[in-house]
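The values are calculated or read from the model by the stated rules, or taken from the named source; none is laboratory data. Just so you know, these numbers come straight off a predicted model, no measurement behind them. Quick reminder, even Gly has a Cβ in these numbers, built from the backbone with ideal geometry, and neighbours come from all protein chains shown.
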Amino acid sequence: MNSEIINFLKRFIPFSLFLFLIHFFIVLKFSKNHSFFYSIYAIYLFHSITTALICFILIYINKIVSDKTGFAFMALSILKMLAAILFLIPLIRLDKEQKLPDIIAFFIPYFAFLFFELTFIIKLLNGFKK
């Protein structure tokens, strides 16, 4: 179990930092006239925590009942979608004309982290074969 966690952290931390830095500099460079509802830090904190939680739970489930890992991934992905909607409710209710940049700033990392989760679950199901 510890080797899977270490393998996960070796991939997840650089991925998260790299994605955060790219997003931060793009927002810094191109959005001088737009103030975002959520900061980049809040968005990446949400994505990092949910992705880490999902992957840690999947590692645990894979050790206990490995044949149910795929189903657990689907259930946890649905819960993550619901959490994303709850996270975005204040933005959705806000009387602001330009919500699209805020929504894009949230969902591009959402799908990047989802892709990371997919590659992780595939490697987990295959036993982390190199």
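Mind counting the residues in the stretch 10-63 that are assigned to a helix (DSSP H, G or I) and within 23 Å of I85 (Cβ to Cβ)?
First, pick out the residues of the stretch 10-63 that are assigned to a helix (DSSP H, G or I): 10-30, 40-63.
Now narrow it down to the ones that are within 23 Å of I85 (Cβ to Cβ): 16, 19-20, 23, 27, 40-58.
Adding up the residues that qualify gives 24.
List the residue pairs whose Cβ atoms are under 6 Å apart, where the first residue sits in the stretch 11-30 and is among the hydroxyl-bearing types (S, T, Y), the second is part of a helix (DSSP H, G or I) and at pLDDT 90 or above, and the two are 6 or more positions apart or on different chains.
Qualifying pairs under 6 Å: S16/S48.
So which of G70, G127 ends up being closer than 30 Å to N2 by Cβ and part of a loop (DSSP other than H, G, I, E, B)?
G127
In the list I85, I78, I61, which residue meets the criterion of being buried (at least 17 other Cβ atoms within 10 Å of the Cβ) and free of Cβ contacts under 8 Å to residues at least 12 places away in the same chain?
On the way: I85 fails: buried (at least 17 other Cβ atoms within 10 Å of the Cβ); I78 fails: buried (at least 17 other Cβ atoms within 10 Å of the Cβ).
Result of the check over I85, I78, I61: I61.
Do we have I92 as more than 23 Å from E4 (Cα to Cα) and free of Cβ contacts under 8 Å to residues at least 12 places away in the same chain here? Spell out how you get there, then give the answer.
Numbers: more than 23 Å from E4 (Cα to Cα): yes; free of Cβ contacts under 8 Å to residues at least 12 places away in the same chain: yes.
So I92 fits the description; yes.
Restricting to the stretch 31-58, and then to whatever is over 15 Å from the mean Cα position of the chain (by Cα) and in contact (Cβ under 8 Å) with a residue 40 or more places away in the chain, can you tell me which residue is nearest to F8 (Cα to Cα)? Step through it out loud before you land on a result.
The initial filter retains those residues of the stretch 31-58 that are over 15 Å from the mean Cα position of the chain (by Cα), namely 31-39.
Of the ones still in play, those that are also in contact (Cβ under 8 Å) with a residue 40 or more places away in the chain are 31, 34, 36-38.
Working: S31: 33, H34: 35, F36: 31, F37: 31, Y38: 27 Å.
This residue is Y38.
Could you list, in sequence order, the residues of the stretch 2-55 that are among the β-branched types (V, I, T), modelled with pLDDT of 90 or more and loosely packed, with under 15 Cβ neighbours inside 10 Å? Even if it seems obvious, please write down each step before you answer.
Of the stretch 2-55, the ones among the β-branched types (V, I, T) are 5-6, 13, 22, 26-27, 40, 43, 49-51, 54.
Restricting the remaining residues to those that are modelled with pLDDT of 90 or more gives 13, 22, 43, 49-51, 54.
Across the stretch 2-55, the qualifying residues are I13, I22, I49.
For the stretch 91-117, how many residues meet the condition of being modelled with pLDDT of 90 or more and either farther than 27 Å from I26 by Cβ or not hydrophobic (A, V, I, L, M, F, W, C) (or both)?
Here is the first cut: in the stretch 91-117, the residues modelled with pLDDT of 90 or more are 106-117.
In the following step, the residues that additionally are either farther than 27 Å from I26 by Cβ or not hydrophobic (A, V, I, L, M, F, W, C) (or both) were identified as 109-110, 117.
Residues that pass the stated criteria total 3.
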